[in-house]
Amino acid sequence: MSVVEINHQDGLMHRLEKIYQGVDNASLGALVDRVVARLESATTSPGKASASRWDESTCVLISYADSITNGCKSPLRCLHEFVETNLSDVVDTVHILPFFPSTGDDGFSVMDYRAVDPRLGSWGDLTKMSASLKIMADVILNHGSRSSVWFRQFVDGETPGSGYFLAVDEDFDISSVIRPREHALLQSVTTVSGERRVWCTFSEDQVDFDFSNPLLLEEFIYIILDFIDHGIRILRLDAVGFLWKETGTTCLNLRQTHAIIQLIRYIVDIYDEDTVIVTETNLPNQENLSYFGNGNEAHWIYNFSLPPLILYSLLFADSSILRRWSMRMPPALGGTSYLNFLSSHDGFGMRPTEGLLDEAQRQRLLDRLEANGSLFSRRTKADGTKSVYEANTTLFSALDKTDDDPAGALSSARFVAAYALMFGLEGIPAIYINSLISAQNDIDGVARSGMKRRINRQKFAKYWLDDRLSEPASRESLGLVKLKELLMIRKQQPAFHPNATQFTLQLRSELFGVWRQSQDRKQSIFAITNLCASEEELDLSVINLIDTENWHDLVTQKPIDENEKYLKMSPYQTVWITNQTSPSRR
């Protein structure tokens, strides 16, 4: 029997018609026939999706392909060996940031989507890694490099690239466009047909694609299927919210953008049901949530509001905003999950705080981050004014000092508390490799490159990193050991399944906590963090521990005395109070 049923042709056509309402059906029908032929070329028939593609043991490491190098082996092999040696017991998924030939933005200005940069390794390295780890890779849909073959074809008027990039005339109204950067949006390019104004959302070197051309979408469909053939099972759709442009609009989150994601999801589900779609949309909370669709778009969405809210909570010992946000967050639908993170190759986005922090709170956060060494990237708003788009800093440096700890004596404890807090929340945890080893701001990297984002993109020589991790008292080793201890505990708790029930606890502002319950309702965990630089007391009556259960803290392994009214919590301590001593795996 064919891999693709006849009704899939109808499904493809229906979804394409939602995107391209002005394109004749004959052209779309021919495109459908070609895509169906590609789907049928699969060497193996897809099986049913795994019963659970993620659970409490799922943890993502985020890394550049060359975050770790030794000068002998390919960086991809070095990364693989680092994970196998240091993280195989706690990490099952690696998000490898762009590994293609590129001309800028540390890989995000792609020249060739079908090649691995030979300086980084090969497809063989990635396929080998995928045998023991799930691999997440970036599908950079929004833009491509000016130095790509496609763009040279655009300049020379040759196919297919001549129809792949977005150029607009003077009549295109950009007055409402929402920008993430400061540079001029439209850049003049000399082509064989004259001067043209190309659209550059992120940089002058990164020219936006024109997805009003169905042939471009078809090209990316094949690229995505090639990724899957190479063993990549998690596809991160980078900057996908900017995909479709329409005159007079914000050119962000448009209907056609969601329709394209729905088409990609439909095709991926046909080709390999174990493949996961992740949307990267650094946007205000409600806009970000829209990328779940009706369970027919992203499997995972990044929890973009979480990083700045956790920073605010720990820097000012105030859980009120985080608590209010947490109470309003809807549980992820079945078959979907939040992807929780605290730090990444980019900065701490400020747009996701819109509607959550008022102007005074936002400025208070920015002032403290600046005092702790943060730089800031700005964007140009529709009225021409500029505002902070993201804070550029490592997580460790961001949490360096507070008003209550001006010397930073408790910075390491705050850092661990941030992750302990995140590990307790609904969703899948993701850890950026620089945070994993408590990296501090790389000021020299900024000075050498002139790029503010390089402050948190430091690369490491393997010999140096091995030396630091072998020294028990080093900052790098201490942070890694603490995070691994928490992850080892976490992965054994059904109540920490990414989709397990979550309720936000009503505690004093100095504390933050949630109640998690396993899907079979057998295990409860009260995950509570002290946000202060001082000892605090947790009123046990507030969390309502059931008398017939034996409760203990998973972190310290100490029992909770049922006769005690208060639990003393040291500065930045986290407790995971549970009713199960040895939770059984489902």
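Numbers at a glance
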{"quantity": "Gyration tensor (alpha-carbon) shape descriptor, the stretch 375-431, a/c threshold 1.5", "calculated": "oblate"}
{"quantity": "Ranked packing of 435-441, 219-225, 525-531, most packed first, by mean Cβ within 10 Å", "calculated": "525-531, 435-441, 219-225"}
{"quantity": "Unit charges on C-beta of K, R, D, E only; dipole of the chain, Debye", "calculated": "580 debye"}
{"quantity": "Relative contact order, percent, the chain [alpha-carbon distance under 8 Å, six or more residues apart]", "calculated": "12 percent"}
{"quantity": "Per-pair calculated FRET efficiency, R0 = 25 Å: Lys18 and Gln519 via Cβ, rounded to 0.05", "calculated": "0.15"}
{"quantity": "Helical segments meeting 20 Å axial Cα length and Kyte-Doolittle -0.5 threshold in the chain (DSSP H)", "calculated": "25-40, 214-229, 255-271, 475-490"}
{"quantity": "Inter-centroid distance (Cα atoms) of the stretch 261-306 relative to the stretch 523-546, Å", "calculated": "34 Å"}
{"quantity": "Sequence ranges 250-257, 305-312, ranked by mean other-Cβ count within 10 angstrom, highest first", "calculated": "305-312, 250-257"}
{"quantity": "Order of Glu426, Glu359, Glu535 - criterion: other Cβ atoms within 10 Å of each residue's Cβ, fewest first", "calculated": "Glu359, Glu535, Glu426"}
{"quantity": "Listed values (i) 3, 13, 18, 17, 15, 12, 9, 7, 5, 2, 0, 0; (ii) 3, 17, 27, 27, 17, 7, 2, 0, 0; (iii) 3, 15, 24, 25, 18, 10, 4, 1, 0, entry calculated as P(r) over Cα pairs in 10 Å bins from 0, in percent", "calculated": "(ii)"}
{"quantity": "Sequence ranges 366-378, 98-110, ranked by mean other-Cβ count within 10 angstrom, highest first", "calculated": "98-110, 366-378"}
{"quantity": "Relative contact order %, the stretch 501-578, counting alpha carbon pairs below 8 Å whose residues are six or more apart", "calculated": "32 percent"}
{"quantity": "Charge tally in the Cβ shell below 13 Å around Leu28, where Lys, Arg are +1 and Asp, Glu are -1, Leu28 excluded", "calculated": "-2"}
{"quantity": "Of all DSSP beta bridges in the chain, antiparallel share, percent nearest 5", "calculated": "60 percent"}
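FYI, it's all coordinate maths here, none of it is from the lab. Only a predicted model underlies this, so the values are computations on that prediction, with no experimental measurement involved. Positions of Cβ are generated from backbone atoms using ideal geometry, with glycine treated the same way; all protein chains shown enter the neighbour counts.
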